[in-house]
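Working notes for the structure below.
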Amino acid sequence: MARPDGRFRRLLLLGTNIDLDLKVSELGVGQRQRVEILKVLYRGANILILDEPTAVLVPQEVDELFINLRQLVTQGATVLFISHKLDEVLAVSDRITVMRHGTTVATVVPSEVHRLTLAELMVGSDLPAPTARVIAIGKNERLVVRDLTLIVEGKKSPVQNVSFAVYEGEIVGIAGVEGNGQFELCAAILGLEKSTGVVEVCGRDMTHSSTRERLDAGIAYIPFDRHREGLMLNSSLWENALLGREERFSHALLINRSAAKQACREIIERFDVMTPSDTVPAFVLSGGNQQKLVVGRSLSVGPSVLIAAHPTRGIDVGAQAAIWDEIRIARDNGMAVLLVSADLEEILALSDRILIIFDGRISAELAPEDADPQILGTFMTGGRVSLLTMVKPAVGVSAAQDL
Amino acid sequence: MKSGSLRNAFSGARSSLVALGSSIGGIFIALIICAGLLLITGKDPLRAYSKILETGLDGQKLLEMLKRATPLMLSATAVAVGFKLNLFNIGVEGQYLFAALIAAEMGTHVSLPAPVHVAFILLVAMVAGAAWASIAALLKVVRGVNEVISTIMLNFIALSFIQWLFENFFRDDSDGGLNVKTTVLARSARMPDLVAGRLNAMFLVALLAVAVYWVVIFKSRFGFQLRASGLNPNAARTSGIPAKRMAVTALLISGSIAGLVAMPYVLGEAFAYGPNATPTQLGFAGIAVALLGRNHPVGIIGAALLFGFLDSTSAELQLSGVPSSIVKVIQAIIVLTVVIVNEASMRMFNKRTAERTAAKLKTASFPI
């Protein structure tokens, strides 16, 4: 192996002391990241773009990273630091630009901005008032999750000790910046990922059950990504509508094609899916209509529990309103809904109760009428809130006490 | 809207037509490329092609085509079952040779009335083929070993294992001569001929196997789950279809069909297994036939017949000064061009379908 040349040695002065003969696999996560940064610097990069660089680091490593970044900046480098953790952004940046829904909202200087203002900028200040609900929430727990922790080897678990319950006729919103464990939480509840803890569906312990058994027990799932987890894009609509329901539409082990097509047409009709027919492949539909089909498929099995993950992502307003209405109707009919979304408008429009997920844990529980942008933004970005009167900390989480 | 929905109701049929048309187009392109190759090597392509047609279209040769297509249909179907789940079972070769030896040997140890005896041997062959495939299935779901690697290696293991079994236990020298075989099966274990000495009833068994493949994969609930798992593994898993069980079942079905590949020879020609009496390479040919037939039952039969046709002519070609290897070259180029032309035209067709639908929905008035 070639010995490091002068340029590399200078780079090594950046407070790093990595044994250059070690294999990357033998390094810790923080050191690996440093190697990664060294690599781009060595190639002569002047502009560094760091996307959520602290996600895998422990606090000491974060501090070290920030010192390194500062040094680089004094040497003339430009650093673009992307993060949803307010404290980090405030600690490391010279200027902060806030993005929301794909556009920049504001550019501020850290010394001139209060963190609560920043939180508000992130989530938006013009959130709608939560809609009043008509029917009272039932008394039966439909979905209970206790101490759910994902089992992963060698890494920090993306979901840690999550506990909550969803009652019949209730929509519980899980709000959070994407990548804080929402996806893994849904996967664990559905039994797609191995986890410890307890999952109960309609009073039945499903902890050790397969995904199919959990679905049969009454869960329906609207997946995060309709293309990745929802649809077979090259297959016809009726086959897509059949997915997950094939046992209902088969007779003597054979698929009952006409019944399956009929069921698909019912979804098309009821959910107003705009399509020329039920035989076109799914890829010809627009995103909104694909999503309506996925939502329709989930609701058509008459589930007791609906897990709706980003049910209206990337679709037009008309389709969004239609899907929201369907979820409300389902709730009014006694369904328990777990709504996972990064879209606060959606969370506030639908939820009866809001849980905030941050870094794989439920960090707070709010009533929608208490949820203002500052509080939501602060919790979603890992901050603490001093508004004790408004915030009930979730069980086992010391969100509000840590003041 | 009315006429539009009617037209689109046939979009499934239309895509089949596109597949068929592009396959035929691909075959013609392949023939043109081969003609170029023949010209380069100084042969007259027209003479070669007319010779192929002339020999192949003879009545006797057409029977030969059906005979040669029989094992190809079986091995292609075996491969296609795997392909439907994105599993590449390269191990059909080892599976059918192992099954041939075990079935031929087991067949000599029972005495049963004729139809039952034949059915028994077929069943043993299927079980033996599935058993050999189960090793790869087990490795896949328990240790995550890619089936491509394991089935390739199991082919070599099968060949050595078969040789060892044959030399040490099953070899029967009582017949004398150089063509060593297992003990010759009783008369009751012989597959009846459809055309005496030319074509035996395994041809019908192969057609039946393709038909069963069609029903199981395209019509049954299990087949739907299998295809869904192949088309979008994440969506299938999310909707509760167990991925591992699908992989195991698909490999076992694939292996059991593979077990039948050598039966036309074991039950119809040699009445035994023998290193020289049982043809090899049929498992690999099946991969090409499955690719050419797009894993579709009709496609598999068509592709097997085409390959059988070309194979049936190769011996005669040599005699008339056309290199018989041209047949293998044509086959290989056909597979390549058809796969490429198919894929390109399906993409174009899909794109046009999407655009048309979008345009149609835009012009129609919908309340939003």
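Which one of B:LEU185, B:LEU154 is more than 14 Å from chain A (Cβ to nearest Cβ) and within 23 Å of the chain's Cα centre (by Cα)?
Working: B:LEU185 fails: within 23 Å of the chain's Cα centre (by Cα).
Matching residue, one of B:LEU185, B:LEU154: B:LEU154.
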Which listed residue, of B:GLY107, B:GLY82, is farther than 19 Å from B:GLY286 by Cβ and either of a type in the set (Phe, Trp, Tyr) or in contact (Cβ under 8 Å) with a residue 12 or more places away in the chain (or both) | B:GLY107
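For segment B:189-246, give me each residue that is of a type in the set (Lys, Arg) and in a loop (DSSP other than H, G, I, E, B). Give the derivation first.
Step one: of segment B:189-246, the residues of a type in the set (Lys, Arg) are B:190, B:198, B:219, B:221, B:227, B:237, B:244-245.
Answer for segment B:189-246, where residues must be of a type in the set (Lys, Arg) and in a loop (DSSP other than H, G, I, E, B): B:ARG190, B:ARG198.
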Filter result for the condition that a residue is in a helix (DSSP H, G or I), more than 14 Å from chain A (Cβ to nearest Cβ) and either surrounded by fewer than 24 Cβ atoms within 10 Å (Cβ to Cβ) or not charged (D, E, K, R) (or both), over B:ALA303, B:ALA277, B:ALA272, B:ALA359 | B:ALA303
Could you please let me know if B:SER325 is under 27 Å from the mean Cα position of the chain (by Cα) and surrounded by 21 or more Cβ atoms within 10 Å (Cβ to Cβ)?
-> no
Determine which member of the set A:ARG297, A:ARG313, A:ARG270 is within 10 Å of another protein chain (Cβ to nearest Cβ) and either surrounded by fewer than 17 Cβ atoms within 10 Å (Cβ to Cβ) or not β-branched (Val, Ile, Thr) (or both).
-> A:ARG297
From the list B:VAL261, B:VAL339, B:VAL322, pick out the single residue that is modelled with pLDDT of 90 or more, hydrophobic (A, V, I, L, M, F, W, C) and in contact with a Lys or Arg (Cβ under 9 Å, 6 or more places away or on another chain).
-> B:VAL339
Are any of the residues in segment B:242-251 of a type in the set (Lys, Arg), within 14 Å of another protein chain (Cβ to nearest Cβ) and out of contact with any Gly (no Cβ under 7 Å at 6 or more places or on another chain)?
-> yes
Within segment A:189-205, residues being small (Gly, Ala, Ser) and within 13 Å of chain B (Cβ to nearest Cβ) number 1
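How many residues does segment A:206-241 contain that are more than 7 Å from every other protein chain (Cβ to nearest Cβ) and either in a helix (DSSP H, G or I) or of a type in the set (A, V, I, L, M, F, W, C) (or both)?
Restricting attention to segment A:206-241, the residues satisfying the condition of being more than 7 Å from every other protein chain (Cβ to nearest Cβ) are A:206-209, A:213-214, A:216-220, A:222, A:224-227, A:233, A:237-241.
After this cut, where a residue has to be either in a helix (DSSP H, G or I) or of a type in the set (A, V, I, L, M, F, W, C) (or both) as well, the list is A:206, A:213-214, A:216-217, A:219-220, A:222, A:224, A:226-227, A:233, A:237-241.
Going through segment A:206-241 one residue at a time, the tally reaches 17.
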Any chance you could count how many residues in segment A:249-265 are surrounded by fewer than 17 Cβ atoms within 10 Å (Cβ to Cβ) and either within 10 Å of chain B (Cβ to nearest Cβ) or touching a helix residue (DSSP H, G or I) at 6+ places or on another chain (Cβ under 7 Å) (or both)?
-> 5
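Run down A:ALA364, A:ALA342 and say which single residue is in the same structural domain as A:GLY181 (by TED's automatic domain parsing) and touching a helix residue (DSSP H, G or I) at 6+ places or on another chain (Cβ under 6 Å).
Details: A:ALA342 fails: touching a helix residue (DSSP H, G or I) at 6+ places or on another chain (Cβ under 6 Å).
The conditions single out A:ALA364.
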Based on what the data block shows, is B:ARG190 closer than 25 Å to B:ALA69 by Cα, in contact (Cβ under 8 Å) with a residue 12 or more places away in the chain and surrounded by fewer than 16 Cβ atoms within 10 Å (Cβ to Cβ)?
-> no
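The values are calculated or read from the model by the stated rules, or taken from the named source; none is laboratory data. What you see is a predicted model; the values in this text were computed from it and never measured. All Cβ positions, even for glycine, are placed from backbone atoms using ideal geometry, and neighbour counts span all protein chains on display.
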